[in-house]
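Please treat every number below as a calculation from the coordinates, not as lab data. Predicted, not measured: the structure shown is a model, and the values here were computed from it. Every residue, glycine as well, gets a Cβ built from its backbone with ideal geometry; the counts of neighbours run over all protein chains shown.
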Amino acid sequence: MSDFINIITHERRLNAALKELDVSALKDIQDKLTNIISKREQQEAELERERQQKREKIAELKKTMQEAGIDISDILEEELGGEKLNKTKTKRAPKPAKYAFIDEHGERKTWTGQGRMPKGLQKALDNGRPLEEFLIG
């Protein structure tokens, strides 16, 4: 935060910074701040009016499209070409387990051979056992 904003947003700091000004100078500053606030309020009101008009136009277009039986993907498909946009991707089936081993708790665990090797299997390999020994089927 700049020093100016730090001062103007804290009443005690602002009071200390303005202590040398007389009342007429302070009123002049107040008028300037009032004008700035008023302009900012007008700008925000105008932006909100524009947003509201846009929302109304979108709602109107959606209603017209629905009445005509047109979906947004139909329009974009025509423009972009290719497959329908609302087509969902299917998840791939999980890979079958490739290796089986017994962990330190005596539980049978499996591993697909992808990703990080499980600690129990890594320990067995570190102790000199070959990976092929743990192949399933």
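Normalising the average separation of contacting C-alpha pairs (under 8 angstrom, six or more residues apart) by the number of residues puts the relative contact order of the chain at 11 percent. Summarising the label geometry, the points placed 7 Å from Cα in the beta-carbon direction at LYS62 and LYS27 lie 5.3 nm from one another. Compute the angle between helix 23-68 and the longest alpha-carbon principal axis of the chain, please, reported from 0 to 90 degrees and rounded to the nearest 10. Here the helix axis deviates by roughly 50 degrees. Once the Cβ-Cβ distance of GLU11 and ARG49 is raised to the sixth power relative to R0 = 22 Å, the FRET efficiency obtained is 0.05. The Cα center of segment 106-121 and the Cα center of segment 1-22 differ in position by 65 Å.
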